[in-house]
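Following: one structure in structure tokens, then a few remarks.
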Amino acid sequence: QVRLVDSGGDSVQAGGSLRLSCLAQKNGRAIRAMGWYRQKPGKQRELVATITTGEVAEYADAVKGRFTISIDNPRSAVYLQMDNLQVEDTAVYYCHAEDYPYRISYFGQGTQVTVSS
């Protein structure tokens, strides 16, 4: 079982920046990829960004050019640098990990990001 602890959410004004962090306790599992999802009020959870342990990253169109995902393999950590935040980025952000070889998904407890105009 992989355990994820995510942090870094806060309240900021539009145009501001935040950096989310997530540490994975792998408990003997191997991880293929890590990333971030978010869930807006009344909406389904959606993918924000993902990165493999080989550092291949993908982003949702809504965040391309504003968010940067990075991974620290020795620390089993993933980070999300969020710049030029907009009101529509307000959501609970969840760290995600996919193990190898079974591709089971794990989620952190979530961290709230609130952007005000």
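General observations
- Leading residue by the ranking (farthest from Gly28 (Cα to Cα)) among those in the stretch 54-84 that are open to solvent by less than 60 Å² (accessible area, probe 1.4 Å) and of a type in the set (Val, Ile, Thr): Val63
- In the stretch 9-31, of all residues being buried (at least 16 other Cβ atoms within 10 Å of the Cβ) and in contact with a Lys or Arg (Cβ under 8 Å, 6 or more places away or on another chain), the one that is farthest from Tyr100 (Cα to Cα) corresponds to Leu23.
- Filter result for Arg103 (at pLDDT below 95 and either touching a helix residue (DSSP H, G or I) at 6+ places or on another chain (Cβ under 7 Å) or surrounded by 15 or more Cβ atoms within 10 Å (Cβ to Cβ) (or both)): no
Listed here are the residues, each with its yes/no results for (1) under 21 Å from Gln1 (Cβ atoms); (2) of a type in the set (Gly, Ala, Ser).
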position	(1), (2)
Ser21	yes, yes
Ala24	yes, yes
Gly35	yes, yes
Gln39	no, no
Ala49	no, yes
Phe67	no, no
Gln81	no, no
Phe107	yes, no
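- Pairs, first of a type in the set (Lys, Arg) in the stretch 97-117, second in a strand (DSSP E or B) and open to solvent by 30 Å² or more (accessible area, probe 1.4 Å), C-beta under 9 Å, six or more apart: Arg103/Arg32
- Boolean, Ala91 is within 27 Å of Ser117 (Cα to Cα), touching a helix residue (DSSP H, G or I) at 6+ places or on another chain (Cβ under 8 Å) and in contact (Cβ under 8 Å) with a residue 24 or more places away in the chain: no
The values are calculated or read from the model by the stated rules, or taken from the named source; none is laboratory data. The structure presented is a predicted model; accordingly, all values stated were derived computationally and were not measured. Reconstructed Cβ throughout: ideal geometry from the backbone, glycine too, with neighbour counts over all protein chains shown. Protein only, heavy atoms only, side chains kept; ligands, DNA and RNA dropped before computing areas. Shrake-Rupley method; radii C 1.70, N 1.55, O 1.52, S 1.80 Å.
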